[in-house]
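Take a look at the structure below.
Computed from the coordinates by the stated procedures, all read-outs in this text should not be read as laboratory data. These numbers come from a predicted model, not from an experiment. Please note: Cβ atoms are built from the backbone with ideal geometry, for glycine as well, and neighbour counts cover all protein chains shown.
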Amino acid sequence: MQGPNFIIINASSMITFSELIDELKSNVNYNRDLLYGISEKNPNLLYKKLIELASFTGSRHHLELQLHFPDPKKIKDIDSYGTENISVIIDKFRRKFTVPRENIRQKAIDLLGENIQIQDAYMYEGKEGLRIIRQNGRMEILPGSIHLWCKVDQKVKNYVDWLMQNIYSPDNGGIST
């Protein structure tokens, strides 16, 4: 069986979340026939190929990109890849934000709207984080990673783009890509 092919789109300093997801979707679309062909026959192999595509896309930018399938039936929904249940891990060892949590909270309200709940999360052993609860799921914002357990709409993209540029970029203690 043929392995997936990859498309390289951007190799600039800190990629935005929108660019990262567009690159992932391009790689998925480029491999659509392969993915569709194995989706009915072997869901485990399909999952392995998706992990490979996400890993490749993230590795080009010195980060980890993960797709999650809390509903196992969604693995066969090729059009949903990159639209929900995504993690971006920049530095899994970072324990503190490089800016005050209040700034991150305020930007969440500015970009996601007021119909959200923001809670402190993972506040133990010198760690910090935020959990943002939306109508369609939640977002977990940690000093070194973002976990989206929700549909990724334009508001979410705008917020995570802001996080990538202002919290995780090399200028703010992130990793140069």
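A few remarks follow.
- Options Q165, Q106, Q119: the member that is surrounded by 17 or more Cβ atoms within 10 Å (Cβ to Cβ) and either over 25 Å from N31 (Cα atoms) or charged (D, E, K, R) (or both): Q165
Yes/no matrix, rows are residues, columns are (1) closer than 20 Å to W162 by Cα; (2) in contact with an Asp or Glu (Cβ under 9 Å, 6 or more places away or on another chain); (3) not hydrophobic (A, V, I, L, M, F, W, C):
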| position | (1), (2), (3) |
| --- | --- |
| G37 | no, no, yes |
| N44 | no, no, yes |
| Y47 | no, no, yes |
| S55 | no, yes, yes |
| H68 | no, yes, yes |
| E84 | yes, no, yes |
| I90 | yes, yes, no |
| F97 | yes, yes, no |
| Q106 | yes, no, yes |
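- Among the residues of region 39-51, none is identified as under 15 Å from the mean Cα position of the chain (by Cα) and exposed (fewer than 13 other Cβ atoms within 10 Å of the Cβ).
- Any hit, region 140-154, residues being within 28 Å of S59 (Cβ to Cβ), basic (K, R) and not in a loop (DSSP other than H, G, I, E, B): yes
- A count restricted to region 88-109 and to residues that are under 19 Å from the mean Cα position of the chain (by Cα) and in contact (Cβ under 8 Å) with a residue 60 or more places away in the chain stands at 6.
- The residues of region 52-102 that are acidic (D, E) and surrounded by 15 or more Cβ atoms within 10 Å (Cβ to Cβ), listed by number, are E52, E64, E84, D91.
- There is no residue in region 126-133 that is more than 14 Å from the chain's Cα centre (by Cα), surrounded by 13 or more Cβ atoms within 10 Å (Cβ to Cβ) and under 19 Å from T16 (Cα atoms).
- For region 141-162, the tally of residues that are surrounded by 17 or more Cβ atoms within 10 Å (Cβ to Cβ) and touching a strand residue (DSSP E or B) at 6+ places or on another chain (Cβ under 9 Å) stands at 13.
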